[in-house]
1. At least 3 residues that are under 15 Å from ASN381 (Cα atoms) in each: list the strands (runs of 3 or more DSSP E) lying fully within segment 302-350 that qualify.
2. Considering each of ASP271, ASP228 in turn, give the residue that is acidic (Asp, Glu), surrounded by fewer than 21 Cβ atoms within 10 Å (Cβ to Cβ) and part of a strand (DSSP E or B).
3. With the requirement that a residue be open to solvent by 40 Å² or more (accessible area, probe 1.4 Å) and over 17 Å from TYR159 (Cβ atoms), what does segment 196-208 give you?
4. Residues ASP228, ASP271, ASP179, ASP261: which one is among the charged types (D, E, K, R) and in contact (Cβ under 8 Å) with a residue 40 or more places away in the chain?
5. Can you find, within segment 306-331, the residue that is farthest from the chain's Cα centre (by Cα) among those that are surrounded by 23 or more Cβ atoms within 10 Å (Cβ to Cβ), touching a residue at least 40 places away in the same chain (Cβ under 8 Å) and within 21 Å of LEU268 (Cβ to Cβ)?
6. Please identify the pairs in which a residue from segment 385-396 that is of a type in the set (D, E, K, R) has its Cβ atom under 7 Å from the Cβ atom of a residue that is surrounded by fewer than 23 Cβ atoms within 10 Å (Cβ to Cβ) and outside any strand (DSSP E or B), counting only partners at least 6 apart or on another chain.
7. Taking the residues in segment 113-159 that are among the small types (Gly, Ala, Ser), open to solvent by less than 70 Å² (accessible area, probe 1.4 Å) and within 28 Å of the chain's Cα centre (by Cα) as candidates, determine which candidate is nearest to THR204 (Cα to Cα).
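The values are calculated or read from the model by the stated rules, or taken from the named source; none is laboratory data. Quantities reported herein were computed from a predicted structural model and do not represent experimental measurements. Cβ: placed from backbone, ideal geometry, glycine included. Neighbour counts: every protein chain shown. Ligands, DNA and RNA are stripped out before the accessible areas are found, and what is left, the full protein with its side chains, is counted by its heavy atoms. Shrake-Rupley method; radii C 1.70, N 1.55, O 1.52, S 1.80 Å.
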Amino acid sequence: MMRSMTPVALLAAATATAVGAPPQVIYSEIPGDPTAQAPGLGIDFTGFLSLYASPNGQHWIFKAFVDDAENDVIVVGFGLTGTIVAREADPTPIDGTIHEFLDSDCGINDLGVFAYGSRLDGVPSTVDEIIFSGSTIIAREGEPAPNLFDLGATGDEIYGNSLNSPSVLADGTVCFRADLIDNIDSDYESALYIGTTVAAQEGTMAVSGQTYDSFAALSGNTFSVSPDGAHWIVEADIDPSALSSVEAVVVDGSVMLQDGDTFSGLPLPIDAVFSVEMAPNADWYARGDFTDDSDWVVRNGSIIAHTGGAVDANDLENWGAAISGVTGNINGDYLIAGDTDNPDPNANSVVSLNGQQVVLREGDGVDLDGNGLADDDVEINSFSPEDIVLATDGTIYAFVTLREAGAGASLGDAFIRLLPGSTPCNVADLDEPFGVLDFSDVVAFLGAFAAMESAADLAPPMGVFDFSDVVAFLGAFAGGCP
């Protein structure tokens, strides 16, 4: 049974990540700020989308926009440093061509080998869609699409003008989804490729017996593969009747979830699948909603979050109507991002680790100038759906929007990093080592209380430091760390 949230509990939840080393801004779109500078260009970023990372989380890649008429760029990086590897209107690895448009979905492995999609300018429209890995052509519109099933003659199939969802295996093999394949019966024109091997094809039968009608055409990588290539996941329609659509989560060729299914203890049926991911350790994740538009998240088929369910081990707030992202790492740890039922509209978006601890929250201050402190009057406003990474060592990378501190004016998008161990386990965890409640935290609280600092202002009336703050601290301290 979920506990109702008392004012003290609400305030504790709302400030649970307000102390400790803050997230650092790697890039932003704050005009004139050094973090807004696109590397090597001397102009500002104007937006970020589609963040991906290597299995260990150390290398990252994303598409962004810059303040220029030719505004698409692909950025590849490590830690706090990025490099632009492709830009709209710049030459491609193919002589005589330039990038006309860069796709938003990308991939990268632990060695930094990356892949991305591009539409070329300077060539006929029948051969302008391509996936590159560095300077290598992986797949190109008009070139042979191998190993497909076709009702008619086989061997003449060619890639069409939709190549997407690239990822890079540990050995450098590139996986991708090919849609609108030419010279093939229209019922078979989409396929999932692991290198040149077809993992699944529209019109053919899944291992579990259903027929693939299509694969999800949503933005972002809807085909995800483990680093060794042994396991994969995709969102598919498994109703070939053309009378309706039945969305399904397919893992290694078997349908694991589909529209109409229910989970134990949650009577409403699944209404939609929003995203899928295969983690580096072959754990699989999916999220979607029920028929009442409430949301669900599963890990290996088991519910790990749903609207109305507890956000963390403190059992102080529940997930709200919108759960916007989930990702896992090779250790089996996972992050879930979404809104909560916290009544404070300026603190009700969070990122939770393993269903145990809130590690990022709307309203958390960020380090904009790189001095290690959240003293720039800038805070997190919201989290971008799906654009979040959990590295093997616990480092978190995420796309967020920023605002002026105190729920002020919006400052636009940003790419941030939160180092492991920099987030306290609750409001009583005021001093290092974070994750351990000990006498140093008591001393830190007493010092903050005496100085009338916000870290000790834990109970209403806010701005008044009295015995209620002491009671709130002792309660949180007694609760321990999850």
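1. Output list reads 334-340.
2. Result of the check over ASP271, ASP228: ASP271.
3. Once the filter is applied, which keeps residues that are open to solvent by 40 Å² or more (accessible area, probe 1.4 Å) and over 17 Å from TYR159 (Cβ atoms), segment 196-208 yields MET205, VAL207, SER208.
4. Going through ASP228, ASP271, ASP179, ASP261 in turn, the sole match is ASP228.
5. For segment 306-331, the residue satisfying everything is VAL311.
6. These pairs meet every condition: GLU386/GLY220; ASP393/PRO420.
7. Among those that are among the small types (Gly, Ala, Ser), open to solvent by less than 70 Å² (accessible area, probe 1.4 Å) and within 28 Å of the chain's Cα centre (by Cα), it is ALA139.
Residue-wise test of (1) among the basic types (Lys, Arg); (2) surrounded by fewer than 21 Cβ atoms within 10 Å (Cβ to Cβ); (3) within 28 Å of SER28 (Cβ to Cβ).
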site	(1), (2), (3)
GLU362	no, no, yes
GLY372	no, yes, yes
ILE396	no, no, yes
LEU437	no, no, no
ALA444	no, yes, no
ALA451	no, yes, no
ALA459	no, no, no
